[in-house]
Structure formats: C-alpha cells, structure tokens
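Down below is the structure, laid out as structure tokens.
The values are calculated or read from the model by the stated rules, or taken from the named source; none is laboratory data. Given the structure is predicted, the values throughout are model-derived calculations rather than measurements. Virtual Cβ from ideal backbone geometry, glycine too; neighbours counted across all protein chains shown. Surface areas here come from the heavy atoms of the whole protein model, side chains and all, with no ligands, DNA or RNA. Shrake-Rupley method; radii C 1.70, N 1.55, O 1.52, S 1.80 Å.
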Amino acid sequence: MSAEKASLHPRNKHRSRYDFPELINSYPELAPYVFNNAYGDLSVDFSNPDSVKALNKALLKHFYAIDHWDIPEGYLCPPIPGRSDYIHYIADLLSADNDGVIPKGRQVKGLDIGTGANCIYPIIGHQEYGWSFTGSEIDQYAIKAAKAICAANPALSADVILKHQPNKQHIFKGVVNPGELYDFSLCNPPFHASAEEARSGNQRKVQNLSRDKHKTAALNFGGKDAELWYEGGEAAFIRNMIMESKDIGQQCLWFSSLVSKSSNLPFIYHMLEALRPAEIRTIEMVQGQKISRFVAWTFTEQQARREWAAKRWAKKKA
C-alpha cells in the first residue's frame, strides 16, 4: 500500500504515490515511459515533456474520466496534484459561507483567468464538484486547444465556456459582462517578469529534474510567453487583478490568485487593504517540499455571502 502524501488536501485524489500499473491499465500509451528508477520504484522521466504529457493523460483518464486531452507542443503541461489542491481549497472557501457544506452542481460558476491550452482547472472543478466555468485567455491558439478538449469530452462541453481576452493589460475587463455572476475566480498568474527570466528559470528546473546535467534543457512543463511572463512579473499581474476586481466586486463572491513568491505578499496585502475588501484570506498549500499559497478576497460581507449561498446553491447542497 502506497504511503499517503499527508501534505496534500485530504480530498486530493493524488495523496498516494502514483500507481503506475493502474494508470497504464487506464491509459496503455503511458507504458513506454515508465521505468524502474535508481531506488527500484516505477517512475517516469519528469524532464521529458512527452513522458509528463503521457502521465497527465493517464491521470486525467483514470481519476477524472477525461478520455481525450492534449495540448500543442510547447504549451504548459500542469502538475495535476497541485492544481487539484487549489480546487479543493476553493471548495472549502465556498463551504465556509454555506454552513460547512461544499456547494456542488453547475449552478456554481467559476472564472478561470488564463485558462491556457490545458484547461486544467475547469476540468478538475467540473469533474470533482460539477461546477461550471468560464475560462479567459489572451492566446487564441490556446483557446482553440482548450475548446478541442471540451468538445472531445461531452461532460465538459456544456459547462465550460472559453472567452478571448483581447487586451493583455486587462484581467476582468472584456471578459466579465454586466449582469454576469461568478461564485469565485481563480488564477495561476505568469511568474516571470521577462522572456529571458522565464527561459533561465525553466533551464534550471529541467537541469534539476534531469539526471544528465549536461544534456540540453527543454521546457519540461512547457509554457508560452503569456503563460510564463508578464511585464512587471507576478506582482504586477496580481496588482492589475486586484484593481479591476473592485469594479466587479458585486459580481464575484470570492476572488483569488496563486502567489508563487512569498516576498510578493506584503505588496499584495497593501494593494488589497487600500480597496477595503470585506475579508482577505491566505490559504497555504504544501506539495512535498514545495510550499505555495493563494490569496482570496471578497467585497461581500459575511451575512450577504450567506444570503448569496442560500440563493444560488441551495438546490444542490451535498
């Protein structure tokens, strides 16, 4: 029996070590990438983009009933356990306004900022909790790829809408229309401040993952410019998100964003406090030795949040 990864969220399906025979049974195409590592354990080469993509396909099919998933070469191939954690902690955040009950069903609507070609948050959120999603993206080719994933999986096609963000300086403007309501937003913002910084970071990551330190580094998890960098980096992106969130503060119950650099937290708190939200929360997530977190904020007072929950989620409490 595999030991559990106690650091992951209790509802995370990936708390146990990967059961490669089971994954291969669900997705036979994974088999050529699996080998016995130096410790005698089955594994894949996490510095090889093809093996990482095959592993993701197996995980999505085995755990989330996603039969068809693919991304164009060079696009971000996300680590699914960590992405799953974000979704489960969002569910906990919503449950706090719903008498401790996680709201389920398509009437719970999420907004995924920068959904990417992989569409991973809508996939996990829908398959775990039945939520519906709108995903925004500035890269039209990424939107095309995400739409292809949804079209190939009937479970997703009716409950995931993808919108093009025409202006890379905007976050919610041009995406959220008057009268639209969302129960939460989430985002994995671009981490780096420049293309060169992104390339250097990925080179280091691949060299750390690869046993052959001298081989040419490839982007192990991929990533196009819009996915990896933004002028001013993560702090600037989240600053713009915070400023625009005030304008639609009554259209979204909870806003949130991953914050990769803990050094950015004081600046983010300062920006938020200037807008006087009703509440700010920081939720820490641990995956192995990696610590990440997301910051969530709302402009809706607690009693009004309870009323929002009762009105929108009452039909499908579970």
### Task
Considering only the range 129-145, state which residues are surrounded by 20 or more Cβ atoms within 10 Å (Cβ to Cβ) and closer than 17 Å to residue 166 by Cβ.
134, 135, 136, 137, 139, 142, 143
### Query
From the list 4, 73, which one is under 27 Å from residue 114 (Cα atoms), open to solvent by 60 Å² or more (accessible area, probe 1.4 Å) and modelled with pLDDT under 95?
73
#### Entry: Test: residue in the range 76-90 that is acidic (Asp, Glu) and either open to solvent by 10 Å² or more (accessible area, probe 1.4 Å) or over 28 Å from residue 295 (Cα atoms) (or both)
no
### Task
Return the only residue of 23, 42, 59 being farther than 28 Å from residue 151 by Cα and either crowded, with 17+ Cβ neighbours inside 10 Å or in contact with a strand residue (DSSP E or B) (Cβ under 8 Å, 6 or more places away or on another chain) (or both).
42
### Message
Just to be sure before I move on: is residue 90 within 26 Å of residue 249 (Cα to Cα), at pLDDT 95 or above, over 15 Å from the mean Cα position of the chain (by Cα) and of a type in the set (A, V, I, L, M, F, W, C) in the structure I sent?
### Response
no
### Summary
Picked from the range 146-180 (must be open to solvent by 70 Å² or more (accessible area, probe 1.4 Å) and in contact with a Gly (Cβ under 8 Å, 6 or more places away or on another chain)), the residue modelled with the highest pLDDT is 161
### Query
For residues in the range 44-71 being in a loop (DSSP other than H, G, I, E, B) and among the aliphatic types (A, V, I, L, M), which is farthest from the chain's Cα centre (by Cα)?
44
### Task
Output the number of the condition that residue 96 fails; it satisfies all remaining conditions of (1) closer than 24 Å to residue 285 by Cα; (2) modelled with pLDDT of 95 or more; (3) touching a helix residue (DSSP H, G or I) at 6+ places or on another chain (Cβ under 9 Å); (4) open to solvent by less than 10 Å² (accessible area, probe 1.4 Å).
(4)
### Task
Considering every residue within the range 120-129, establish whether at least one is part of a loop (DSSP other than H, G, I, E, B) and at pLDDT 95 or above.
no
### Task
Please list, ordered by first then second residue, the pairs with beta carbon atoms under 9 Å, 6 or more apart or interchain, first in the range 252-275 and in a helix (DSSP H, G or I), second among the aromatic types (Phe, Trp, Tyr) and modelled with pLDDT of 95 or more.
272/297
